[in-house]
Amino acid sequence: MLIRGGSPLSGSIVAQGAKNAALPLMASALLLKGQSLTLERVPDLMDIHTMAGLLRNLGANVEFGGGRMKIDVPDELKWETPANLVRKMRASSLVLGPLVARCGKAVLPLPGGCAIGSRPIDFHLKALAKMGAEIDLEHGSVHARTDGLRATRISFDFPSVGATENVLMAASMTPGRSVIENAAREPEIVNLAQALRAMGARIEGEGGGTIQVEGAKNLGSASVRIIPDRIEASTYLLAGVMTRGEVTVNGINPEYLESLIIKLEEAGIFVGVFADSVSVSCRDRRWKGVSLKTLPYPGFPTDLQPQIMAALCMADGTSVIQESVFDSRYVHIGEFKRMGCKLDIQGNTVVITGVSKLAGTEVHASDLRAGAALILMGLAAEGETTVCSLKHVWRGYESLMSKMTSLRADIELIPDQDGA
Ligand code: EPZ
């Protein structure tokens with residue numbers, strides 16, 4: 001992507017459906033037998049197509065078009081997942097809970113690590129074992145089997161999003177009362193609970209730290225709307241800040257952006273909050289450095305850490321960011337420095353000294369959110385920036401070129417020089 005930076009963005013966009021809600025909700029369809037799950041506002045992203053391919057490989061029929069997805073699930077499903085699909089996307093591990101609950105067994109190649117840390121699934125496996133699954137690791141794959149999961153109390157050491165989702169899905173098909181303690185509180189968990197409730201599970205407390213589930217052996221067809229994507233929305237708001245423009249994101253629940261709004265206001269940025277939209281107005285404004293720590297929801301989201309770091313690289317004064325969710329989510333800092341940022345890593349903390357301008361150059365995306373942050377920096381930098389390895393970005397940002405262009409960004413796609 002070739003970006004000519006320096007001009008303010010202005011205008012409004014509509015938030016896409018949340019990638020990190022659509023993926024678990026797609027996996028939850030595997031709990032159905034001879035029934036179907038219909039999803040509205042599904043974003044058209046690479047990860048969604050990867051998950052659709054995985055569901056089809058297991059035997060489900062997936063139709064997807066115009067934001068609407070219909071997943072028809074037969075009585076019999078395969079329970080072994082193909083390594084080539086699982087290795088492409090960590091979220092494939094979300095089929096584990098549904099398959100074990102529904103088929104009594106599952107084989108899942110262990111997801112590899114990625115640019116943002118080791119990312120094991122030990123919390124998932126320990127929880128399923130507590131529910132009565134036998135878990136063996138053979139030749140790099142998880143082999144799980146059970147004669148029937150049992151409702152129980154699961155208490156997580158860390159409020160893992162994926163582990164909470166796997167247990168919530170497995171418990172929804174396990175008769176009896178299960179309790180999940182120290183559960184993740186993300187809005188995507190609430191959306192999943194909505195879907196499972198629509199299928200016939202009785203669920204209380206989602207969005208809080210303790211979730212109670214009364215499972216049912218036979219779950220039924222349902223139709224659910226995906227919530228808006230809070231990370232995509234926040235990324236566009238930060239693009240408005242960094243280019244000193246005016247950007248409004250429509251079709252978003254401002255509550256999901258609370259931790260970002262608080263930080264932007266602390267930095268001296270005016271944020272407009274309305275019933276279902278949020279706007280920033282930064283014409284000729286400057287903003288102050290702030291300090292933040294990434295935390296599980298409702299704390300500041302780790303998926304926004306590279307993007308807020310980019311904005312703080314241009315703040316007046318010093319900022320401190322502490323990444324407490326992933327063990328190494330600073331791969332992007334090398335590329336930031338090449339554009340003139342002043343960053344000093346000390347363990348899981350980064351001290352940022354604001355600079356008044358960034359210089360465009362060629363940079364490479366290491367992962368989805370780092371790629372998004374580099375695009376923001378290109379929009380704010382002087383001169384031209386070329387962002388390579390965009391395959392990471394297409395995983396999470398629907399219609400990015402048309403949305404950015406509608407905000408008057410000067411960007412275009414050029415052939416890959418190095419074929420990366
Ligand atoms: C989800 O990943 C999101 N992905 C991630 O978004 C997001 O960064 C993350 O939650 C945190 O908010 C999806 O929802 C598809 P975790 P997940 O389990 O479930 C460690 C994006 O950009 N951990 O809450 O994998 C893990 O290594 C992606 O859209 C274990 O140690 O996150 C990490 O350090 C990137 N053992 C921390 O917990 C486990 O069994 C948080 O992981 C599970 C996790």
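The values are calculated or read from the model by the stated rules, or taken from the named source; none is laboratory data. None of the values given here were measured: they were computed from a predicted structure. Backbone-built Cβ (ideal geometry, glycine too); neighbour counts: all protein chains shown. SASA here: full protein model, heavy atoms, side chains in, ligands and nucleic acids out. Shrake-Rupley method; radii C 1.70, N 1.55, O 1.52, S 1.80 Å.
A quick yes/no check of all residues on (1) open to solvent by 10 Å² or more (accessible area, probe 1.4 Å); (2) among the hydrophobic types (A, V, I, L, M, F, W, C); (3) touching a Leu at 6+ places or on another chain (Cβ under 6 Å):
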| residue | (1), (2), (3) |
| --- | --- |
| GLU40 | yes, no, no |
| ASP47 | no, no, no |
| LEU55 | no, yes, no |
| LYS70 | yes, no, no |
| GLU76 | yes, no, no |
| GLU80 | yes, no, no |
| ARG90 | yes, no, no |
| GLY104 | yes, no, no |
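Among residues of region 139-163 that are more than 19 Å from GLY208 (Cβ to Cβ) and in the same structural domain as PRO109 (by TED's automatic domain parsing), those with a beta-carbon under 7 Å from a residue that is among the aliphatic types (A, V, I, L, M) and open to solvent by 30 Å² or more (accessible area, probe 1.4 Å) at least six positions away or on a different chain give the pairs GLY140/LEU110; SER141/LEU110; VAL142/LEU110; VAL142/ILE135; ALA144/ILE135. Identification of helices (runs of 4 or more DSSP H) wholly contained in region 294-395 with 2 or more residues that are within 16 Å of the ligand (Cβ to nearest atom) and either small (Gly, Ala, Ser) or assigned by TED's automatic domain parsing to the domain that holds GLY208 (or both) yields 368-380. Is it the case that ILE180 is within 16 Å of the ligand (Cβ to nearest atom), of a type in the set (Val, Ile, Thr) and part of a strand (DSSP E or B)? Answer is yes for this residue.
On inspection, LEU45 fails the criterion of being under 23 Å from the mean Cα position of the chain (by Cα) and under 22 Å from ALA171 (Cβ atoms). In region 197-228, which residue that is within 16 Å of the ligand (Cβ to nearest atom) and buried (at least 17 other Cβ atoms within 10 Å of the Cβ) is nearest to LEU257 (Cα to Cα)? Here the answer is PRO228. How about region 243-280: which of its residues are open to solvent by 30 Å² or more (accessible area, probe 1.4 Å), out of contact with any Phe, Trp or Tyr (no Cβ under 8 Å at 6 or more places or on another chain) and not in a strand (DSSP E or B)? Result: ARG244, ASN253, GLU255, TYR256, GLU258, ILE262, GLU265, GLU266, ALA275, ASP276. Annotation: of all residues in region 143-163 being closer than 11 Å to LYS105 by Cβ and charged (D, E, K, R), the one that is surrounded by the fewest Cβ atoms within 10 Å (Cβ to Cβ) is ASP147. The strands (runs of 3 or more DSSP E) found entirely in region 25-123 that carry 3 or more residues being touching a residue at least 24 places away in the same chain (Cβ under 8 Å) are 35-40, 68-73, 105-109. Restricting the first residue to region 371-385 and requiring it to be free of Cβ contacts under 8 Å to residues at least 40 places away in the same chain, which pairs with a second residue that is crowded, with 24+ Cβ neighbours inside 10 Å meet a Cβ separation below 6 Å and a spacing of at least six or different chains? Close Cβ pairs (under 6 Å, with a partner that is crowded, with 24+ Cβ neighbours inside 10 Å) amount to GLY371/ALA365.
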